[in-house]
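Notes follow once the structure below has been shown.
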Amino acid sequence: MTIADSRPASSPAPYRRPRFARWMERHGKWLIIAPPLAYLFVFFLIPFAFALKISFADLTLRVPPFSDILTVGANDHIRLALNFANYKYLFTDDVYVLSYLYSLRTAFFSTLICLLVGYPMAYAIARSSKSLQNVLLMVIILPFWTSFLLRVYALEGIIQEHGVLNWVLLHLGLIHRPLMLMQTTPAVYLGIIYSYLPYMVLPLFATLEKLDASLLEAAADLGSPPWRAFLDVTLPLSMPGVIAGSMLVFIPAIGEFVIPSILGGPNNLMIGRVLWDEFFSNRDWPVAAAVSIVFLVFLVGPIAIYQHYNVKQLES
Amino acid sequence: MDQRASPVLMTILFAGIAFLYLPMLVLIAYSFNQSALVSVWGGFSTVWYDRLLHNPQILDAAWLSLRIAITASTGAVVLGTLAAIALVRFRRFRGRFLLTGMVNAPLVMPEIITGITQLLLFISMLNTIGWPHRGALTIVIAHIAFCTSYVTITVQSRLQSADRSLEEAAMDLGAGPVGAFLDTTLPIIAPALVSSWLLCLTLSLDDLVISSLVSGPGASTLPMVIYSKVKLGVTPDINALASLIIALVGACVLIAGATLRRAERQRLREQQFAERSEAAP
């Protein structure tokens, strides 16, 4: 541009930039946009289309174990055979509906407890001095970097029959027989809260940190008791953090596999485990695909809420 | 906010932190237990570490996991950074909505769904175009897909706060757009690139569900070996392995954090110095 502009206006032949440069100026941004767009499209979005297709297929005894829904007939007619039996099966066999509801309940209550524990933690960090804040954030983030699988396994060492928790409670005389927590539903709750607590604290901290303290002072000056100021000022202003944190815990918790599989009992039927078994033990891929699709349909709502708040926060 | 937190709040905070750390500390203590039974303290010993270092199954799996993680996080940093630049710098383009969705959805998508759908894709691809064979390659492809999101989110917020005037100044001085970006903005987002690369490394090293689903026979990553051992029962060598991983990751995060913070402070100081020398004629 600078070269073209600096030429005298009377110059007879206007300066033409080389064709490549002009092309780059108009379409060059696609060199940046296209690779991630194409990659995620092929390896993240397209797979859902394949799952949808296979959910309409029949179970067969070949490799891979499902039929083609599109077949070319004898007289070159393309036949589309949609088999809705997999979906019908999901709603006739109780196990899927029950496990889905059970997963929802488990995820809901663990998210609630995470919020009740995480909110005061985030609040305390937000009110600390800047230097302490950095240390505390580091402390909260650090477990997030260590292995998820190993942390769930580590929890086993605390809550098992001869674990630390029972040892302490027995020695304090609070209980007389060891608590049998392993392979129970409370163990699954504990596992989810333990694993996902940092996901709750961080977005909450992000919104609470930005909160203007003078608003609270104003509320106090106008005669609000602290609890009233909290309900009227702090809580509404921290709603984006509450929603982002809750969704970050709730959505993955519904589909959680590792925690119920290690800490939960054999009849703990969370949807993730049912799917896993359908896949690896029963090898019924069309039904597994149908379960995934139905599951996904139910997730669209919560994901959209999360997306909405997340994008707004990132772009503000 | 600058009001003191009440003692009650601080107590909850420290109880929460204790809750996060206690299981890991107990695990480390168990790893030095001579007895194979968790219930009995058989005296201090490093026998399980010794056993671990002579277990070819675990060592092979660890080496495979490391190679997969390095490849996947490098790929994800490249793709994720491009996506972040696209989302921050080009306000309007066809597919922006799609890209935003595809970047944010993997963060909350249950792994089991991502894994199953990707497996179905790989199977269908193998049937029609004969590629890719399931194994380390499909694990890498799947890991890049979910790691890219984490990179984009991290780099995006960093890019947004980056001052564009430096880049414009470089372009006024004759640099091309790419050169200007590399010379001025890249150093500013470099810490975000490093930290997101490290984050992808740990996410990939840790992934069990997606890896198990998309992997083929013969490619067992470390989490897959750990999971099958944990499901089988008494696993004192896994205690040792877990302690090593926790110690290693802890040390890396602390060092990386300190280094990044120092680099950042250095950069801010230089910037201030430059501004001050500009102001004084």
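The values are calculated or read from the model by the stated rules, or taken from the named source; none is laboratory data. Everything numeric here is computed off the predicted structure, so don't read it as measured data. Every residue, glycine among them, receives a Cβ derived from its backbone with ideal geometry; neighbour counts consider all protein chains shown. Just so you know, the surface numbers come from the protein's heavy atoms only, side chains and all, with ligands and any DNA or RNA stripped out. Shrake-Rupley method; radii C 1.70, N 1.55, O 1.52, S 1.80 Å.
Legend: residues B:C147, B:C252, sorted from most to least accessible area (1.4 Å probe; ligands, DNA and RNA excluded), read B:C252, B:C147.
Counting only other chains, and only Cβ atoms inside 10 Å, what mean value do you get across the residues of A:26-38?
On the way: counts 0, 0, 2, 6, 5, 2, 10, 12, 3, 5, 17, 12, 2.
So the per-residue partner count for this stretch is 6.
Could you give the angle, 0 to 90 degrees to the nearest 10, between helix B:186-206's Cα long axis and the longest principal axis of the Cα atoms of chain B? That helix lies at roughly 20 degrees to the long axis.
Could you work out, residue by residue across B:82-92, how many beta carbons of other chains sit within 10 Å of that residue's beta carbon, and then give the average as an integer?
Mean partner-chain Cβ count within 10 Å for B:82-92: 4.
Got a sec? What order do B:T128, B:T114 fall in by accessible area at 1.4 Å, biggest, i.e. largest, first? Please report the intermediate quantities before stating the final value.
Details: B:T128 115, B:T114 10 Å².
Greatest to least solvent exposure: B:T128, B:T114.
Between amide H atoms placed 1.01 Å from N, distances below 5 Å from A:F66 occur with A:T60, all of them 5 or more places distant or on a separate chain. Listed by chain and number, the aspartates and glutamates placed with their C-alpha closer than 14 angstrom to that of A:K130 are A:E209, B:D2; residues fewer than eight positions away on the same chain are left out.
Taking a ≥ b ≥ c as the square roots of the eigenvalues of the Cα gyration tensor, chain A is classed as oblate, since a/c reaches at least 1.5 and a/b does not exceed b/c. What the Cβ-Cβ distance of A:E209 and A:M239 gives, at R0 = 22 Å and to the nearest 0.05, is a FRET efficiency of 0.90. Mind checking which of B:L119, B:L13, B:L205 has the largest fluctuation in a GNM of chain B, springs on alpha carbons under 10 Å? Checking each option, the largest mean-square fluctuation is seen for B:L13.
Compute the Cα gyration tensor for the protein assembly as shown, then decide on rounded, prolate or oblate, letting a ≥ b ≥ c be the square roots of its eigenvalues: rounded whenever a/c is under 1.5, prolate when a/b is larger than b/c in the other cases, and oblate in all that remain. Taking the square roots of the gyration eigenvalues as a ≥ b ≥ c, the protein assembly as shown is oblate. Annotation: aspartates and glutamates with alpha-carbon distance below 13 angstrom to A:K53 (same-chain offsets under eight excluded): A:D68. With point charges of +1 on the Cβ of Lys and Arg and -1 on the Cβ of Asp and Glu, referenced to the Cα centre of the protein assembly as shown, which listed residue (B:A84, B:V8, B:V178) lies farthest in the positive direction of the dipole? Projecting each Cα onto the dipole axis, the largest value belongs to B:V178.
To the nearest 20 debye, what is the magnitude of the charge dipole of chain A about its Cα centre, counting +1 on the Cβ of each Lys and Arg and -1 on the Cβ of each Asp and Glu?
Details: 21 positive and 19 negative charges, 237 e Å.
Around 1140 debye, computed over chain A.
Distance between the pseudo-spin-label points of A:H308 and B:R267 (7 Å out from Cα toward the beta carbon): 3.5 nm.
Across the options A:L202, B:L107, B:A169, the greatest Cα extent toward the positive end of the charge dipole of the protein assembly as shown (unit charges at beta carbon of Lys, Arg, Asp, Glu) belongs to B:A169. For chain B, the relative contact order is 28 percent, taking Cα pairs closer than 8 Å that sit 6 or more residues apart in sequence and dividing their mean separation by the residue count.
Once both labels are positioned 7 Å from their Cα atoms along Cα-to-Cβ, the gap between B:F44 and B:S277 label points is 5.4 nm. Each Lys and Arg contributes +1 and each Asp and Glu -1, all at the Cβ; summed about the Cα centre of the stretch A:157-316, the dipole is approximately 320 debye.
How well do other chains shield peptide A:118-124, expressed as the mean number of their Cβ atoms within 10 Å of each residue Cβ? Please list the in-between numbers first.
Details: counts 2, 2, 10, 10, 3, 6, 11.
That average works out to 6.
With the Cα gyration tensor of chain B giving a ≥ b ≥ c as the square roots of its eigenvalues, does the rule (a/c under 1.5 for rounded; else a/b larger than b/c for prolate; else oblate) give rounded, prolate or oblate? Oblate, since a/c reaches 1.5 and b/c is not below a/b. Using the Karplus relation 6.51 cos²θ - 1.76 cosθ + 1.60 with θ = phi - 60°, the per-residue 3J(HN,Hα) values for the stretch B:245-253 come to 5, 4, 5, 5, 5, x, 4, 4, 5 Hz, with x marking Gly and Pro.
Taking both sides together, what accessible area is buried at the B/A interface, probe 1.4 Å, expressed in Å² and rounded to the nearest 100?
On the way: alone 17790 and 20300 Å², together 29370 Å².
That pair hides around 8700 Å² of surface in total.
Give the calculated FRET efficiency between B:L232 and B:T11 to the nearest 0.05, with a Förster radius of 41 Å applied to their Cβ-Cβ distance. Intermediate results must be reported in sequence, preceding the final value.
Working: r = 40 Å, r/R0 = 0.97.
Efficiency computed from Cβ-Cβ geometry: 0.55.
Pick from A:R151, A:R22, A:R273 the residue whose mean-square fluctuation is largest in a GNM of chain A, springs joining Cα atoms under 10 Å. It is A:R22. What is the distance in Å between the Cα centres of the stretch A:79-109 and the stretch A:218-275? A separation of 26 Å, based on Cα centres.
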